[in-house]
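Worksheet for the structure shown next.
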Amino acid sequence: MPEISAPTSGRRRWITLVVVGLAQLMVVLDATVVNIALPAAQADLGFSDGNRQWVITAYSLAFGSLLLLGGRLSDLIGRKLTFLIGLVGFAAASALGGAANSFELLIAARALQGAFGALLAPTALAVLTTTFVIPRERARAFGVFGAIAGAGGAVGLLLGGFLTESLDWRWNLYINVFIAVVAFVGALLFVPSVERIGPRPKLDLPGTVLVSGALFGIVYGFSNAETEGWDSPLTWGVLAAAVVLLAGFVLWQRRASHPLLPLSIVLDRNRAAAYSSVLIAGAGMFGIFLFVTYFMQVTLGYSPIQTGLAFLPMIGMLVLAAQLGTNLLVPRFGPKVMVPTGMTLGVVGMILLTRLDAGSTYAPDILVPLMVLGTAMGTIMPASMQTATLGVDRTFAGVASALVNTSQQVGGSIGTALLNTLAATAAADYIAAHAPVTAEVAGDAAIHSYATAYWWGAGFFALGAVVSVLVFRRKGQGLSLANAHQDPAAEPVHLG
């Protein structure tokens with residue numbers, strides 16, 4: 001049945017970008033802002049060291065396992081409505097967590113945050129995908145959005161340090177309420193509504209159950225490996241179950257009449273390369289935030305606010321690289337050149353970090369590698385995110401966008417478990433080889449463990465460089481980022 005679309009005015013499009021950018025920032029920074037608040041929250045609520053990881057894991061489990069469902073719901077019930085529901089739910093869950101007077105209530109609130117974040121994140125990207133259809137504007141918008149996605153973790157560290165030191169750990173959660181209110185008003189006024197013509201597609205319930213179970217198993221399995229070790233039967237049992245569920249999901253999608261994720265989306269070479277790049281970069285980037293944060297605070301004695309400020313030049317380079325890349329370089333060279341270039345810069349930045357020791361200073365020892373890594377992420381993320389959603393049928397824009405977030409989430413979970421395990425093993429081996437244990441030996445063991453993590457992070461980026469060189473099409477083959485137009489009539493839009 002034919003569909004009619006009313007174009008969104010230029011001014012409204014850019015305000016829409018600000019609104020979805022706020023929502024994306026809220027979701028991304030919430031994965032790290034709470035880390036800084038954990039010690040204060042633990043002292044206030046009195047939970048054990050063994051339980052504290054659940055404050056982080058509860059969010060990531062709900063978020064990671066429900067992302068594809070959230071993306072598909074935005075396709076089925078409308079992006080504006082889904083976006084507004086996600087904002088209200090995320091704000092309510094954040095307020096509940098901020099007011100929590102027990103560990104159990106805090107965990108429940110964090111899980112709710114993850115669930116509504118899984119609704120919000122893919123919808124924000126889908127709104128962007130279907131709002132910006134002019135190639136030049138689309139590139140600029142994705143440059144901003146990719147910069148937010150890449151910088152959100154560092155912003156979370158800075159904001160978390162400021163709020164915890166200046167106010168109270170609870171404000172790390174309350175702050176989301178204020179962000180959500182601004183985004184809600186902006187969405188209500190400026191995000192275009194979509195009017196569906198024709199029969200409403202059905203939700204693929206078997207596919208939803210299979211993929212949600214598989215993603216839950218992947219995130220939980222790697223999280224359990226981080227805390228219980230790789231010799232835990234539960235770790236391997238859950239990961240094996242996740243593989244079985246994922247295989248079942250793929251088989252079901254081949255025969256489902258209303259598939260949750262049409263396999264053509266991920267079988268396209270450029271999109272497959274883009275999703276892989278986001279996953280690998282997510283795994284590699286984890287080493288920056290976690291281990292550099294520990295190095296600055298534990299080894300060099302930085303305060304939380306100082307640590308957050310130390311990451312600001314990285315954010316600046318990320319934003320600059322994202323804008324230069326998407327507006328000038330990606331249209332000229334395509335993702336096959338830009339993404340491997342970013343991955344190579346990631347390798348260089350990680351290798352520079354391996355040289356840090358107890359005598360290192362911020363400038364140039366920490367500053368230079370952070371700026372290189374910011375440039376790397378600003379080169380990788382916007383090009384990958386734009387390619388991942390380019391040319392997708394608009395009726396599946398939400399689930400295609402969800403795959404971007406899923407890739408980043410799974411990559412982060414893999415990076416968390418692998419790098420933490422490798423670092424812990426390296427520290428134990430160093431201590432065993434330098435007995436008896438003194439404070440100096442313990443400090444050197446920590447620095448050695450960080451360097452081990454950086455080397456493996458460099459390996460992740462090197463793998464990403466190889467994959468992106470081999471899989472991305474040459475510019476001019478298939479869909480071109482500079483020239484591809486999505487059909488504006490593919491999804492009717494009316495203003496108001």
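The values are calculated or read from the model by the stated rules, or taken from the named source; none is laboratory data. What you see is a predicted model; the values in this text were computed from it and never measured. Positions of Cβ are generated from backbone atoms using ideal geometry, with glycine treated the same way; all protein chains shown enter the neighbour counts.
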What single numbered condition from (1) buried (at least 17 other Cβ atoms within 10 Å of the Cβ); (2) part of a helix (DSSP H, G or I) fails to hold for Ala240?
-> (1)
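In segment 101-135, what count of residues is obtained for those that are of a type in the set (S, T, N, Q), touching a residue at least 60 places away in the same chain (Cβ under 8 Å) and over 17 Å from Gln408 (Cα atoms)? Working first, answer last.
Step one: of segment 101-135, the residues of a type in the set (S, T, N, Q) are 101-102, 113, 123, 129-131.
Remaining after also requiring touching a residue at least 60 places away in the same chain (Cβ under 8 Å): 113, 123, 129-131.
Subsequent filtering for residues that are over 17 Å from Gln408 (Cα atoms) retains 113, 129-131.
Result for segment 101-135: 4.
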Among the small types (Gly, Ala, Ser), touching a Leu at 6+ places or on another chain (Cβ under 6 Å), within 17 Å of Ala281 (Cβ to Cβ) and part of a helix (DSSP H, G or I): does that describe Gly411?
-> yes
With respect to Thr395, is the statement that it is surrounded by fewer than 24 Cβ atoms within 10 Å (Cβ to Cβ), among the hydroxyl-bearing types (Ser, Thr, Tyr) and more than 30 Å from Phe132 (Cα to Cα) true?
-> no
Confirm whether Ala240 is closer than 21 Å to Gly412 by Cβ and among the hydrophobic types (A, V, I, L, M, F, W, C).
-> no
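Out of Ile56, Ile134, which single residue is farther than 27 Å from Trp171 by Cα, at pLDDT below 85 and surrounded by fewer than 24 Cβ atoms within 10 Å (Cβ to Cβ)? Reasoning before the result, please.
On the way: Ile56 fails: farther than 27 Å from Trp171 by Cα.
Going through Ile56, Ile134 in turn, the sole match is Ile134.
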Is at least one residue of segment 13-33 crowded, with 18+ Cβ neighbours inside 10 Å, more than 19 Å from the chain's Cα centre (by Cα), among the basic types (Lys, Arg) and at pLDDT 75 or above?
-> yes
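Would you mind finding the one in Ile175, Ile85, Ile179 that is of a type in the set (A, V, I, L, M), closer than 18 Å to Ala397 by Cβ and assigned to a helix (DSSP H, G or I)? Break it down into steps so the answer makes sense when it comes.
Values: Ile175 fails: closer than 18 Å to Ala397 by Cβ; Ile179 fails: closer than 18 Å to Ala397 by Cβ.
On inspection, the qualifying residue turns out to be Ile85.
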Residues of segment 24-54 that turn out to be among the aliphatic types (A, V, I, L, M) and either under 24 Å from Leu403 (Cα atoms) or in a loop (DSSP other than H, G, I, E, B) (or both), as a count | 7
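Yes or no: Ala124 within 16 Å of Gly70 (Cα to Cα) and in a helix (DSSP H, G or I)?
Values: within 16 Å of Gly70 (Cα to Cα): yes; in a helix (DSSP H, G or I): yes.
Against the criterion (within 16 Å of Gly70 (Cα to Cα) and in a helix (DSSP H, G or I)), Ala124 qualifies.
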Residue list for segment 222-237, restricted to those being at pLDDT below 85 and in a helix (DSSP H, G or I) = Phe222, Ser223, Asn224, Ala225, Glu226, Thr227, Glu228
Pairs only if they're at least six apart or on different chains, beta carbon under 6 angstrom, first in segment 78-100 and at positive phi, second modelled with pLDDT under 90 and not in a helix (DSSP H, G or I); list them, first residue then second.
-> Gly78/Val194
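Results for (1) on the phi > 0 side of the Ramachandran plot; (2) of a type in the set (A, V, I, L, M); (3) surrounded by fewer than 23 Cβ atoms within 10 Å (Cβ to Cβ), shown as yes or no for each residue.
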site	(1), (2), (3)
Glu226	no, no, yes
Pro233	no, no, yes
Leu246	no, yes, yes
Phe249	no, no, no
Arg255	no, no, yes
Leu263	no, yes, yes
Ala272	no, yes, yes
Ile280	no, yes, no
Leu290	no, yes, yes
Looking only at residues in segment 292-324 that are closer than 22 Å to Gly443 by Cα, part of a helix (DSSP H, G or I) and at pLDDT 85 or above, which one is nearest to the chain's Cα centre (by Cα)?
-> Val292
Out of segment 326-351, which residues are crowded, with 19+ Cβ neighbours inside 10 Å, touching a residue at least 60 places away in the same chain (Cβ under 8 Å) and among the polar types (S, T, N, Q)?
-> Thr326
Hey, could you check segment 453-473 for residues that are assigned to a helix (DSSP H, G or I) and touching a Pro at 6+ places or on another chain (Cβ under 7 Å) and say which is surrounded by the most Cβ atoms within 10 Å (Cβ to Cβ)?
-> Ser468
